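Colleague: Mind looking over this structure? Questions follow.
Taken together, the values in this text are just the output of simple stated rules run on the coordinates, not laboratory data. Given the structure is predicted, the values throughout are model-derived calculations rather than measurements. For neighbour counting, all protein chains shown are included, and Cβ atoms are generated from backbone atoms with ideal geometry for every residue, glycine included.
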Amino acid sequence: MKFQAIKGVRDILPPESALWNRVEQAAREVFRTYGYGEIRLPIFEPTELFARSVGLDTDIVSKEMYAWEDHGYPELEALRGQIMLRQPSLDQPVAMGLFHAQLDDFLAKAKEGIQRGEIPRTPINSRVVTDLGAMVRHIFDPNTTQGLMNDLVPSLKDMIAKFEIGDRLALRPEATASVVRAYIEHGMQTRPGNVKLYYAGPMFRRERPQKGRYRQFYQIGAELLGPSDHAALDAEVIEMLLAFFARVNLRGATLYINSIGDKSCRAAYVERLRGELQKVREALGADSQRRIETNPLRVLDSKLPEEQPIIETLPRIADHLCDACREHYAQLKRQLALRNIAYEENWRLVRGLDYYMRTTFEITAPGLGSQNAVCGGGRYDGLVELLGGPATTKGIGFAIGTDRLMLSLQEAGATDRCGLEVFVAWFGAATYPAAVTLARKLRERNLSVELPAQEMKFGKSLSLADRLGARFAVILGEDEMAAGQFTVKRLADGDQKKLTEAELLEYLTNSRTA
Ligand code: HAM
């Protein structure tokens, strides 16, 4: 059997990983200068955290999460699966008997788990164990008719489906929810000034994989939490992001901004939008039709060519902002201008997560095809309160899609060598101890060194040094040993000299790659 990475996930190998490291390092350096510190977050969290913050009706939560129930009762879960599949019928006494036995078994195991404290004693679970017994007795009463059973079985299954065998957990599809959870959990509102945090790591979404879209992908993100919602903060967050892109030489990026209002003015706008969408319902595709009810704003995200002319005629949020939101948006534009930041306004930029309000922004970069957003972000006042924290804390942040940033940089020709600096070519068993010592001294001076474990022929040895991309080969043969010298060869041009150990260490240390 041959194992392969599963669909939508991939390995990042050297030398590409060196470029990743350089980019992540640049983020750390730039973010530090703006006062951000790193937060290291768990990879999994309660599913409910994402459902509440990102939103139940978003694609991310409703279709794309890797979620499971975490417990030590696999047999109970299997039993639940079997019960859910049964369609009991009075004229099949054997199947009825089995159904009954499985229900009894489920109930017994569920009670036992709760008693032992291994299955959570949630209100739903307590209700299920009390109600289930009565319901089972009812269904298997000798006087029960098929009709009554047909009525009762769906609610019985519904009850069993709601039973929580363990904690519902999910691989994180994004990290803003986790940052806010951590902020509340650690009472970070008592820290002086704004709380500024950044993170870098993998996120997980079950999306259809394509260029720039993966199921395990990476983000570098930053969040600012604090009592103020001043637009200068939004602008500074964007300034930091662009400073980072400049540091890694990303060219051709475009910043798009929008304001999606706050709870009150957005709600009124969404109703208006829904009304207009109802009028053109028949001309829309199935996804957009469904979104008229669930999330009309998401219709604006549609890329379907036939929907574009219709969308252009829809009401625009900018025309429906309340005074405070309109002023905040105007401030944002002034704050960007005073920082000389160029932007384009895009009234359709509503973003696919529910927690946003007012400022939303996205950055696109060249070389990415249809998945060209390298970064998305926005303001999320209200999320801290929604998750049980202080209502006074506001938030703004962004996340960069690291995979996409890499693709764009690589399309533009960025590479990074693994950076092998010295190949120590030794000849004759007697020279090996000196070669080992030399390699260690060079490594102590932070040079990257390759030392063959076994003696090689001269030609093969130098050819390997070349193929590994070493900058220098140090040649150590019996002649050199006798003379107390080393021969060092610069592989790019063949320049060669004989040096003592002290001279060699100095020469190689001074010619280190930056
Ligand atoms: P998001 O727009 O869902 O926002 O993701 C941010 C970025 O992650 C996207 O612009 C894209 O570059 C990258 N990304 C998303 N999904 C994938 C994927 N399947 N494959 C590759 N890259 C992907 C958020 O996640 C918010 N938490 C951002 C934020 C932080 N807002 C406020 N603070």
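Colleague: Please report the antiparallel percentage of the DSSP beta bridges confined to the chain, to the nearest 5.
Modeller: On the way: 51 of 62 bridges.
Of all bridge pairs located within the chain, approximately 80 percent are antiparallel.
Colleague: Reachable lysines from Lys111, Cα under 29 Å, same-chain residues fewer than 8 places away excluded?
Modeller: Leaving aside lysines fewer than 8 places away in the same chain, those within reach of Lys111 are Lys157, Lys162.
Colleague: Say the cut-off is 31 Å between C-alpha atoms; which of Lys460/Lys498; Lys211/Lys489; Lys63/Lys279 go over it?
Modeller: Details: Lys460/Lys498 21 Å; Lys211/Lys489 43 Å; Lys63/Lys279 28 Å.
Long pairs (Cα-Cα over 31 Å): Lys211/Lys489.
Colleague: Please list, or write none, the lysines whose alpha carbon is within less than 22 Å of the alpha carbon of Lys263, excluding same-chain residues fewer than 8 places away.
Modeller: The reachable lysines, counting only those whose Cα sits under 22 Å from Lys263, are Lys333, Lys394.
Colleague: With a 10 Å radius around each residue's Cβ, average the other Cβ atoms per peptide and rank 241-252, 332-343, highest first.
Modeller: Values: 241-252: 17.4, 332-343: 14.9.
Order by mean packing, descending: 241-252, 332-343.
Colleague: Fewest first, what order do Cys375, Cys322, Cys265 take by the number of other Cβ atoms within 10 Å? If you can, show how the numbers build up before the last one.
Modeller: Values: Cys375 26, Cys322 16, Cys265 21.
The fewest-first ordering by Cβ neighbours comes to Cys322, Cys265, Cys375.
Colleague: Taking the Cα centre of the stretch 303-412 as the origin, how large is its charge dipole in debye, to the nearest 20, when only Lys and Arg (+1) and Asp and Glu (-1) carry charge on their Cβ atoms?
Modeller: Details: 12 positive and 14 negative charges, 73 e Å.
With only Lys, Arg, Asp and Glu charged at Cβ, the dipole is about 360 debye.
Colleague: Please arrange Leu468, Leu314 by counting, for each residue, the other beta carbons lying within 10 Å of its beta carbon, fewest first. Can you show the working numbers first?
Modeller: Working: Leu468 12, Leu314 17.
The order, fewest Cβ neighbours first, is Leu468, Leu314.
Colleague: Let me ask something additional. For the stretch 275-432, what's the relative contact order in percent, using C-alpha pairs closer than 8 Å and at least 6 residues apart? Kindly include the intermediate steps, with their values, before the conclusion.
Modeller: Working: 145 pairs, mean separation 21.6, N = 158.
Relative contact order of the stretch 275-432: 14 percent.
Colleague: While we're on this one: Roughly how far apart, in whole Å, are the Cα centres of the stretch 219-290 and the stretch 448-514?
Modeller: 56
Colleague: Same structure, new question: Express as a percent, rounded to the nearest 5, the fraction of DSSP beta bridges in the stretch 370-514 (both residues included) that run antiparallel.
Modeller: Values: 13 of 20 bridges.
The antiparallel fraction comes to roughly 65 percent.
Colleague: If you don't mind, there's one more thing I want to ask. So for the stretch 1-119, taking the charge dipole from beta-carbon charges (+1 Lys/Arg, -1 Asp/Glu), which of Pro88, Gln102, Gly72 sits furthest toward the positive end?
Modeller: Gly72
Colleague: Let me ask something else. So what is the 222 nm mean residue ellipticity for the chain from helices alone, if each DSSP H run of at least 4 adds -39500 (n - 2.57) and you divide by all residues, rounding to the nearest 500 deg cm²/dmol? Could the numbers behind the result be given before it?
Modeller: Working: 19 runs with 227 residues, N = 514.
For the chain, the value works out to -13500 deg cm²/dmol.
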